[in-house]
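The values are calculated or read from the model by the stated rules, or taken from the named source; none is laboratory data. Quantities reported herein were computed from a predicted structural model and do not represent experimental measurements. Counting neighbours? That spans all protein chains shown, and the Cβs are built from the backbone with ideal geometry, glycine included.
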Amino acid sequence: MAFWLVKSEPFKYSWDQFVADKKTFWDGVRNYAARNNLKAMKKGEQVLFYHSNEGVEVVGIAEVVKEHYQDPTTNEEAWVVVDLKPVKKLKQPVPLSVIKNDPRLANMALVKLTRLSVQPVTEEEWKVVMELAGE
């Protein structure tokens, strides 16, 4: 089973809105690497929900509930979405500054590929983030 991270600017789509919605399709991805990551996501896989630009921290865990399909916000066949549902808010958010300062996370895509909005997370990285979150 793979693990993932998705980024969202809280003023556009926050964790609290995600929880209120109970489920969402992850749209608006217009980067081929991020799109390929969406295509690789499998039902049941866990996803870190990251607030970008403001907050800059991992705030919750989501789950893939439907694998990729055509992005309903565009007619361009190149773009896809997945359906996600919130699983839980982290006991304590994990700020980017903490992630960057933890040598165990030095190679994490969040640190190395800062602009990628949908990223893979290794099992070891997942465990470290959960530890940092008090989970």
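What to note about this one:
- Scan of the stretch 47-61 for residues that are over 15 Å from residue 11 (Cα atoms) and in contact with a helix residue (DSSP H, G or I) (Cβ under 7 Å, 6 or more places away or on another chain), ordered by number: 48, 58, 60
- Cβ pairs under 9 Å, 6+ apart, first in the stretch 38-63 and without any contact (Cβ under 8 Å) to a residue 40 or more places away in the chain, second basic (Lys, Arg) and part of a strand (DSSP E or B): 43/66; 61/88; 61/89; 63/85
- Single unsatisfied condition, residue 115 versus (1) over 15 Å from residue 48 (Cα atoms); (2) more than 13 Å from the chain's Cα centre (by Cα): (2)
- One residue from 62, 33 being in a strand (DSSP E or B), modelled with pLDDT of 95 or more, among the small types (Gly, Ala, Ser) and under 20 Å from residue 113 (Cβ atoms): 62
- Residue within the stretch 110-123 that is in contact with a strand residue (DSSP E or B) (Cβ under 9 Å, 6 or more places away or on another chain), buried (at least 16 other Cβ atoms within 10 Å of the Cβ), at pLDDT 95 or above and of a type in the set (Asp, Glu) present: no
- Per-region count, the stretch 18-52, residues out of contact with any strand residue (DSSP E or B) (no Cβ under 6 Å at 6 or more places or on another chain), farther than 26 Å from residue 76 by Cα and among the hydrophobic types (A, V, I, L, M, F, W, C): 1
- Count of the stretch 1-34 residues which are basic (Lys, Arg) and without any contact (Cβ under 8 Å) to a residue 60 or more places away in the chain: 2
- Residue satisfying condition, being modelled with pLDDT of 95 or more and either loosely packed, with under 14 Cβ neighbours inside 10 Å or not in a loop (DSSP other than H, G, I, E, B) (or both), within set 54, 67: 67
- Test: residue in the stretch 96-105 that is among the hydroxyl-bearing types (Ser, Thr, Tyr) and not in a helix (DSSP H, G or I): no
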